[in-house]
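All of the numbers you see were taken from the coordinates with simple rules; none came from a lab. Bear in mind that the values here come from a model prediction, so they are computed numbers and not experimental data. All Cβ positions, glycine included, derive from the backbone under ideal geometry; neighbour counts span all protein chains shown.
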Amino acid sequence: FAASLALSACTPASAVAPAPPPPVITAAPIPRASAAAPPPCADARRAPWRAGPRAVSPDGATLASADGAEVVLFDSGSWSPRATLDGVPATVRSLRYSPDGRWLAVTAGEEGAGTCSLLLYDAATRTQVAAFSVASDGNPEPPFAIAPDGGWIAWPRRLAPDGGGDPQVEVAIEGLEP
């Protein structure tokens, strides 16, 4: 901006070349890959969209979808239900697969509660392998992290308030068996 001000102050307006006109953009229709084989998501009427959180497995083969305290796993090719997870104690707040696809983490708790449950399921067997209490401070999606290789999980754990009345939080880390 400063350079253009200096140029206009030193150069008469008649010596400055006009800006070129903007390019003309034409829109062409996007070709369809094949009308005979639409992707599975093309039929939204069949897709299992539920009211709660959802997560897609890293390989794209499974959609985990929650409604209340129910978590259903769907085959993403046919949208048919594969399984329902057992042991979810309250409203599901979040679903997340580990980056390597071995684990499905479910956080569940009532809105506004100070803690919630962090449940870990083996993605292959669909069985619950661990349960932890997570400090959530009413956060609808409590924070936690799963290592990229699926070897550990970390989450905040509330400790008793210190002398000043402020709560202290530590990070708990749990190793996960392969």
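Between Ala113 and Asp59, the contour length at 0.36 nm per residue exceeds the Cα-Cα span by 16.1 nm.
Stretched out straight at 0.36 nm per residue, the stretch from Val72 to Ile173 would grow longer than its current Cα-Cα span by 33.6 nm. Database remark: amide H of Ala130 closer than 5 angstrom to the amide H of Leu120 (H placed geometrically; neighbours at sequence offset of 5 or more, or on other chains; Pro and chain starts carry no H). What the phi angles of the range 146-154 give under the Karplus curve with 6.51, -1.76 and 1.60, with θ = phi - 60°, is a coupling list of 10, 4, x, 8, x, x, 7, 9, 10 Hz, glycine and proline written as x. FRET efficiency for the pair Trp79 and Ala130, taken as 1/(1 + (r/R0)^6) with r the Cβ-Cβ distance and R0 = 22 Å, rounds to 0.15. The H on the amide N of Arg102, modeled in the peptide plane, is under 5 Å from the matching H of no residue at least 5 residues off or on a different chain. Coupling constants for the range 87-92 follow from the phi torsions by the Karplus curve (6.51 cos²θ - 1.76 cosθ + 1.60, θ = phi - 60°), and in residue order they are x, 7, x, 8, 4, 6 Hz; glycine and proline get x.
For the pair Ala147 and Asp86, label points projected 7 Å from Cα toward Cβ lie 3.0 nm apart. Taken one residue at a time, the phi angles of the range 105-119 give Karplus couplings (6.51, -1.76, 1.60, θ = phi - 60°) of 9, 10, 9, 9, x, 7, 4, x, 6, x, 9, 9, 8, 10, 9 Hz. Gly and Pro are set to x.
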